[in-house]
């Protein structure tokens, strides 16, 4: 059974149409990278997919959406707020339970953030901030992760670590990616977006970054 299917969908915001007549089927276990120039509609498509998936998916938005005034622990714990009672969530805001602390620590350790457990998010470096956003998404129980430019603030080595962790921890991975080489390395399916539509949908095996050039060339024709 397919995880999700779109048929002739359109979407936008503030009364502006961004996506037009998009059809797409996603199967469990796929690693999909959505690629294309800025403004092509990648983020809008991810928001549409996440909205349809609901609590079966964890979201890592482009702006990370962390709460600056809270600690790393509290931001990561927010990944499971919907699973817990209001009372438990309020208690953890003031007096975090030892079991919850250890669960969050386990998520932070492979991301090399365990020493920042109770550090204020506003004091983190760009890379630490992005890894905290990933930790929150990984702590979410959903088996799907929807991530918009998840490695834009880290170096190549950290980017590889983050993408590898996503692929290991989540069953299905849906990414909007700027780095074409990384997209081809960590995704098994490439979907090219241009002018609000899907113009390429192909396995990544055997592709090179140059094979995606036409997505970024003005007036280029997509033949794949």
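Being within 12 Å of residue 147 (Cα to Cα) and touching a helix residue (DSSP H, G or I) at 6+ places or on another chain (Cβ under 7 Å) narrows it down to one of 46, 70, 66, 59, so name that one. I'd like the intermediate steps shown before the answer.
Working: 46 fails: touching a helix residue (DSSP H, G or I) at 6+ places or on another chain (Cβ under 7 Å); 70 fails: within 12 Å of residue 147 (Cα to Cα); 66 fails: within 12 Å of residue 147 (Cα to Cα).
So the residue among 46, 70, 66, 59 that is within 12 Å of residue 147 (Cα to Cα) and touching a helix residue (DSSP H, G or I) at 6+ places or on another chain (Cβ under 7 Å) is 59.
Can you give me the ranges of the helices (runs of 4 or more DSSP H) entirely in the stretch 1-111 with at least 1 residues that are over 26 Å from residue 127 (Cβ atoms)?
On the way: elements: 42-53, 72-77, 86-94, 98-108.
Of the helices (runs of 4 or more DSSP H) lying wholly inside the stretch 1-111, those with at least 1 residues that are over 26 Å from residue 127 (Cβ atoms) span 42-53, 86-94, 98-108.
I'd like to know if the stretch 105-120 contains one or more residues that are closer than 21 Å to residue 40 by Cβ and in contact with a strand residue (DSSP E or B) (Cβ under 7 Å, 6 or more places away or on another chain).
No, every residue in the stretch 105-120 fails to be closer than 21 Å to residue 40 by Cβ and in contact with a strand residue (DSSP E or B) (Cβ under 7 Å, 6 or more places away or on another chain).
Residue-wise test of (1) in contact (Cβ under 8 Å) with a residue 40 or more places away in the chain; (2) more than 17 Å from residue 147 (Cβ to Cβ); (3) in contact with a strand residue (DSSP E or B) (Cβ under 7 Å, 6 or more places away or on another chain).
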residue	(1), (2), (3)
2	no, yes, yes
5	no, yes, yes
18	yes, yes, yes
23	yes, yes, yes
31	yes, no, yes
39	no, yes, no
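Mind listing whichever residues of the stretch 132-146 are in contact with a strand residue (DSSP E or B) (Cβ under 9 Å, 6 or more places away or on another chain) and under 24 Å from residue 100 (Cβ atoms)?
Of everything in the stretch 132-146, those that are in contact with a strand residue (DSSP E or B) (Cβ under 9 Å, 6 or more places away or on another chain) and under 24 Å from residue 100 (Cβ atoms) turn out to be 133, 134, 136, 137, 138, 139, 140, 141, 142, 143, 144, 145.
Pull out all pairs, ordered by first then second residue, where Cβ-Cβ is under 9 Å, the residues are six or more apart or on different chains, the first lies in the stretch 77-96 and is over 18 Å from residue 59 (Cβ atoms), and the second is modelled with pLDDT under 80 and part of a loop (DSSP other than H, G, I, E, B).
92/84
Would you mind finding the one in 135, 205, 159, 187 that is more than 21 Å from residue 51 (Cβ to Cβ), crowded, with 17+ Cβ neighbours inside 10 Å and out of contact with any helix residue (DSSP H, G or I) (no Cβ under 8 Å at 6 or more places or on another chain)?
187
Residues 35, 104: which one is surrounded by 14 or more Cβ atoms within 10 Å (Cβ to Cβ), closer than 25 Å to residue 204 by Cβ and within 20 Å of the chain's Cα centre (by Cα)? Can you show your working first?
Values: 104 fails: closer than 25 Å to residue 204 by Cβ.
Residue meeting the stated conditions: 35.
Please verify whether residue 73 is in contact with a strand residue (DSSP E or B) (Cβ under 6 Å, 6 or more places away or on another chain) and either buried (at least 17 other Cβ atoms within 10 Å of the Cβ) or modelled with pLDDT of 90 or more (or both), treating the condition exactly as stated.
So residue 73 fails the test.
Given the options 66, 24, 4, 46, name the one that is crowded, with 22+ Cβ neighbours inside 10 Å and under 26 Å from residue 165 (Cα atoms).
Being crowded, with 22+ Cβ neighbours inside 10 Å and under 26 Å from residue 165 (Cα atoms) holds for just one of 66, 24, 4, 46, which is 46.
The values are calculated or read from the model by the stated rules, or taken from the named source; none is laboratory data. Quick caveat, the model's predicted, so the values are computed rather than measured. Reconstructed Cβ throughout: ideal geometry from the backbone, glycine too, with neighbour counts over all protein chains shown.
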